[in-house]
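Structure record follows, encoded as structure tokens.
The values are calculated or read from the model by the stated rules, or taken from the named source; none is laboratory data. The shown structure was predicted, so the numbers you read here are calculated from the model rather than taken from an experiment. Virtual Cβ from ideal backbone geometry, glycine too; neighbours counted across all protein chains shown.
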């Protein structure tokens, strides 16, 4: 059992991390979709402000004008700081004219907040100095403290100098302590400020629990929801929980985009976070949008902050583009070489396929020729078997004749008929020789029916032979024996019962008629009737 728990953790932990990454990636895609609809959200915002202004034009009562101006200021607070300042000052003028001290205080607090956001820190400080904090009602004192806290937070980011940041941090925390003393410890405002103190003292778990509780009580698609998500993102930045920080930054950025908030701290922080995470493309895109929004809002403070960050992101982005272009050129070269190699390979394969095709065709022809040759060989074997049997029979016949001849000779000797013996032997010899030649001619012409025609093709036209009763003449019979492989003159002479000189004379006579050279004639005769 002790090995089961670590095994389960090994499996579950990577899966859970992948789940968080997948959720973050999904939210980034959602943010990209929302950003693509920025113009639609901007139209909605401007339409709402336009409706309020049209409604205001119909009013004449100053109290009602103050109320509707508050709504317009609320819309402009995070949209266009100059317009927010204009309507705040208008309310301040009306309040002074009507001697409404609470409206004057309210307007001055509004104005100090807008000045802090827009980077007019000197003007904001003058307003703080002009107000008598000790004589303000508690709810205005709390507002005054919150504005001072935001003033120091923005001032620390704006100056970006550790030499002054510490003293400003001390003052900021003093104002936080004051506002916490003014608030009920059960109020949401108190809990928000408490989380800062807890974070300062390292009690991050307690701070996270409070921030999550506040976030869950907010209505999505509201400014309060975006602020609660942003506070959680800042908390996770302190605890180095990168994925959670990104998650809540994206949620805050989505809400800001949907509400057309131009003072969007979330998108700027997300751009910097993505840059450090290596997502340079999105970081570059988001920082440009954040700059556009800052210019639209006319926040000098935010412009200076972006101006410090944007060149770094832009330079990295341009380096990435340059690297991609370099890689693209390299890939183009490699692809071109691959295409050339592919063309060469395909050409070689095509040539080989053609060669194989030709070889197959030649092989088919050779196979057909081989089949024909085998047929001819089969036929030749059949003929050979036939004539072997025939000549074995002839041998038997001649043996029988020889036996009879022997008996006749003995009989004539016994009876004293010596004259008959001489006559008988001569007649028998001539008859047997003629029969042998006739059988030879018949058999040879059966084996080589075109022998005479092909033999004549080797002779001049005027010297060619004609067959008489399917019998060979002496010259043809000599070369028929040569065709059968009997090339020795002595053997030919014995078979034909000629002298060697007679055979030689016949051969010379025929060769004199030939179209080819004399020493090549017998070779050509050997080719007659051969299976090619």
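Figures for the structure shown
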{"quantity": "Test: residue in segment 472-491 that is surrounded by 17 or more Cβ atoms within 10 Å (Cβ to Cβ), more than 60 Å from the chain's Cα centre (by Cα) and without any contact (Cβ under 8 Å) to a residue 12 or more places away in the chain", "calculated": "no"}
{"quantity": "In segment 118-144, the residues that are over 23 Å from residue 82 (Cα atoms), touching a helix residue (DSSP H, G or I) at 6+ places or on another chain (Cβ under 9 Å) and part of a helix (DSSP H, G or I)", "calculated": "133, 134, 138, 139, 140, 141, 142"}
{"quantity": "Among (1) without any contact (Cβ under 8 Å) to a residue 40 or more places away in the chain; (2) more than 26 Å from residue 257 (Cβ to Cβ); (3) surrounded by 13 or more Cβ atoms within 10 Å (Cβ to Cβ), the one test that residue 183 misses", "calculated": "(1)"}
{"quantity": "Matching residues, segment 418-436, being at pLDDT below 70 and in contact with a helix residue (DSSP H, G or I) (Cβ under 8 Å, 6 or more places away or on another chain)", "calculated": "418, 420, 421, 424, 425, 428"}
{"quantity": "Segment 148-167, residues that are surrounded by 12 or more Cβ atoms within 10 Å (Cβ to Cβ) and under 15 Å from residue 119 (Cβ atoms)", "calculated": "150, 151, 152, 153, 154, 155, 156, 157, 158, 159"}
{"quantity": "Residues of segment 145-167 classified as in a helix (DSSP H, G or I) and in contact (Cβ under 8 Å) with a residue 24 or more places away in the chain, total", "calculated": "11"}
{"quantity": "Test result for residue 174, at pLDDT 90 or above, touching a helix residue (DSSP H, G or I) at 6+ places or on another chain (Cβ under 8 Å) and in a helix (DSSP H, G or I)", "calculated": "no"}
{"quantity": "Set 164, 190, 225, 158: member being modelled with pLDDT under 90 and in contact with a helix residue (DSSP H, G or I) (Cβ under 7 Å, 6 or more places away or on another chain)", "calculated": "158"}
{"quantity": "Any chance residue 84 is farther than 23 Å from residue 223 by Cβ and surrounded by 18 or more Cβ atoms within 10 Å (Cβ to Cβ)", "calculated": "no"}
{"quantity": "Criterion (more than 20 Å from residue 260 (Cα to Cα) and either free of Cβ contacts under 8 Å to residues at least 12 places away in the same chain or out of contact with any helix residue (DSSP H, G or I) (no Cβ under 7 Å at 6 or more places or on another chain) (or both)) met by exactly one of 61, 40", "calculated": "61"}
{"quantity": "Residue 450 loosely packed, with under 14 Cβ neighbours inside 10 Å, at pLDDT 80 or above and either assigned by TED's automatic domain parsing to the domain that holds residue 518 or under 26 Å from residue 523 (Cα atoms) (or both)", "calculated": "yes"}
{"quantity": "So residue 55, is it farther than 18 Å from residue 261 by Cβ and either part of a helix (DSSP H, G or I) or under 54 Å from the mean Cα position of the chain (by Cα) (or both)", "calculated": "yes"}
{"quantity": "For residue 107: the one exception among (1) under 60 Å from the mean Cα position of the chain (by Cα); (2) surrounded by 21 or more Cβ atoms within 10 Å (Cβ to Cβ); (3) part of a helix (DSSP H, G or I)", "calculated": "(1)"}
{"quantity": "Residue ID - modelled with the lowest pLDDT, chosen from residues in segment 453-486 that are touching a helix residue (DSSP H, G or I) at 6+ places or on another chain (Cβ under 7 Å) and outside any helix (DSSP H, G or I)", "calculated": "470"}
